1. Being under 13 Å from the mean Cα position of the chain (by Cα), outside any strand (DSSP E or B) and surrounded by 14 or more Cβ atoms within 10 Å (Cβ to Cβ) is true for just one of 119, 62, 91, 47. Which residue is that?
2. Return the pairs, sorted by first residue and then second, in which the second residue is open to solvent by 80 Å² or more (accessible area, probe 1.4 Å) and not basic (Lys, Arg), the first residue lies in the stretch 41-53 and is in contact (Cβ under 8 Å) with a residue 40 or more places away in the chain, the beta carbons are less than 8 Å apart, and the residues are 6+ apart or on different chains.
3. Confirm whether residue 76 is hydroxyl-bearing (Ser, Thr, Tyr) and either over 14 Å from the mean Cα position of the chain (by Cα) or at positive phi (or both).
4. Among the numbered criteria (1) surrounded by fewer than 19 Cβ atoms within 10 Å (Cβ to Cβ); (2) modelled with pLDDT under 95; (3) touching a Cys at 6+ places or on another chain (Cβ under 9 Å), which single criterion is violated by residue 23?
5. Just to verify a result, which residue in the stretch 94-104, among those that are outside any strand (DSSP E or B) and in contact (Cβ under 8 Å) with a residue 60 or more places away in the chain, is nearest to residue 18 (Cα to Cα)?
6. Just the residues that are open to solvent by less than 30 Å² (accessible area, probe 1.4 Å) and more than 14 Å from residue 75 (Cα to Cα), please, taken from the stretch 2-18.
Amino acid sequence: VQLQASGGGLVQAGGSLRLSCAASGRTFSDYAWAWFRQAPGKEREFVAAIRSNGATRSADSVKGRFTISRDKSTNTMYLQMNNLKLEDTAVYYCAARQFWSVAYSRSSEYHYWGQGTLVTVSS
């Protein structure tokens, strides 16, 4: 499975961005997709995940602001980010694995990764 993330950029605080992650190659009927992010000098952290049945999970820090979704017809996952804050500045990575995991927020659970896309939030 190959993942290609895109959509990052520079945005002012309070603004919005939508990230995309296109998957190609092998696909799974039961899967988990997720977004992680890594800010400079910090560890990679979980942002949101979506299961093949559409169920979603998100980190407390982004609840009410970020929405994860996917389009099965195009094998694309999205992260709609609204009301962006300075602390959202990071490289955002998409990830995938076959089958849902109860440890969905752990980066080590995911076998496939995109290259990352930089989101910079300015004041």
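The values are calculated or read from the model by the stated rules, or taken from the named source; none is laboratory data. Keep in mind that this is a model prediction, so the values were computed, not measured. A quick note on method: Cβ atoms are made from the backbone with ideal geometry, for glycine too, and the neighbour counts reach across all protein chains shown. The accessibility values were calculated without ligands, DNA or RNA, using every heavy atom of the protein model including side chains. Shrake-Rupley method; radii C 1.70, N 1.55, O 1.52, S 1.80 Å.
1. Only one candidate passes the filter, namely 62.
2. If the second residue must be open to solvent by 80 Å² or more (accessible area, probe 1.4 Å) and not basic (Lys, Arg), the pairs left are 52/29.
3. Numbers: hydroxyl-bearing (Ser, Thr, Tyr): yes; either over 14 Å from the mean Cα position of the chain (by Cα) or at positive phi (or both): no.
Spelling it out, it is not the case that residue 76 is hydroxyl-bearing (Ser, Thr, Tyr) and either over 14 Å from the mean Cα position of the chain (by Cα) or at positive phi (or both).
4. (1)
5. Residues of the stretch 94-104 outside any strand (DSSP E or B): 99-104.
Then keep just the ones that are in contact (Cβ under 8 Å) with a residue 60 or more places away in the chain; that gives 99-101, 104.
Working: 99: 25, 100: 24, 101: 25, 104: 22 Å.
Step by step, filter the stretch 94-104, then rank; the result is 104.
6. First, the residues of the stretch 2-18 that are open to solvent by less than 30 Å² (accessible area, probe 1.4 Å): 3, 5, 9, 11, 15.
Answer for the stretch 2-18, where residues must be open to solvent by less than 30 Å² (accessible area, probe 1.4 Å) and more than 14 Å from residue 75 (Cα to Cα): 9, 11, 15.
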